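Computed from the coordinates by the stated procedures, all read-outs in this text should not be read as laboratory data. The model shown is predicted, which means the values in this text are computed figures rather than measured ones. For neighbour counting, all protein chains shown are included, and Cβ atoms are generated from backbone atoms with ideal geometry for every residue, glycine included.
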Amino acid sequence: MRAFFRSIGEVALLAAQAIWEGLIPPYASNLLVAQIQSMGVSSLLLTAVAGLFAGMVVALQGAHELERFGATLYIGPTVARSIVREAAPVMTALLVGGRVGAGITAELGAMMVTEQVDALRAIGVSVVKFLVVPRLLAGLLVFPLLTVVANVVGVLGGLLIAVFQLHIDSRLFWNTILDLMTFRDYLSGVGKSVAFGFLVTLAGCYKGLTFTGGSTELGHATTATVVAIGSAVLIADFLLTQFFFVV
């Protein structure tokens, strides 16, 4: 238990230092672009495929429940609200976050093993500014954008089920979404994705920079990162859901 709370404190200190370092010039825009490429572009296909089938599943499940009350015509806002508020941000954080977080841990852990991080410190380079800040900023940008992609593709997946299986007119599908969806629905989903992006990249950086051992232990560290990310995302999702319902 003591080790757990020590880790929480170290993560908080790393986050605070990264925020401070991120506000101070110079700004390494080339490193940021490289991280956006690594995290975002490489995860587009995964996000789109997962979003499409998530939208289809939500439409099927929602139609089954709405049919019992004679409200199948409202499948559009049911799918859209479920995808936008909950499914898309959480699914993106768990799927893409596991991939991104494990990759960051493996990359930084390998640099620790080969003493590249020590070499950066020896020449006076801020490790947090050079290695952590670009990844955190990329996570803050990439995860909301990927969530928007999952939103669009997920709703389109629900539309396919509504039109071809439930035989609902596409114009009715879109009109009910426009009438019943609110700005708060979109804000809550995007707000969650920003927080998830920060948590995912922070966890990956912390696990990588505190890694000690060899190649076998590095594999265990990446697995631990994925577990930590999953737990952090679900806990944060609960807290943020409570927050957005109150606001």
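Things worth noting here:
- Note on the stretch 26-74: residues that are part of a helix (DSSP H, G or I), of a type in the set (Gly, Ala, Ser), more than 20 Å from the chain's Cα centre (by Cα) and under 30 Å from residue 136 (Cβ atoms) total 1.
- Here is the figure for the stretch 194-247: residues that are within 16 Å of residue 94 (Cβ to Cβ) and polar (S, T, N, Q) total 6.
- Criterion applied to 186, 206 was being farther than 30 Å from residue 127 by Cα and surrounded by 15 or more Cβ atoms within 10 Å (Cβ to Cβ), and the one residue passing it is 186.
- Odd one out for residue 77, checked against (1) in contact (Cβ under 8 Å) with a residue 60 or more places away in the chain; (2) assigned to a loop (DSSP other than H, G, I, E, B); (3) of a type outside the set (Phe, Trp, Tyr): (2)
- When 146, 120, 160 are checked against the criterion of being within 25 Å of residue 215 (Cβ to Cβ) and either surrounded by fewer than 17 Cβ atoms within 10 Å (Cβ to Cβ) or not small (Gly, Ala, Ser) (or both), 120 stands alone in meeting it.
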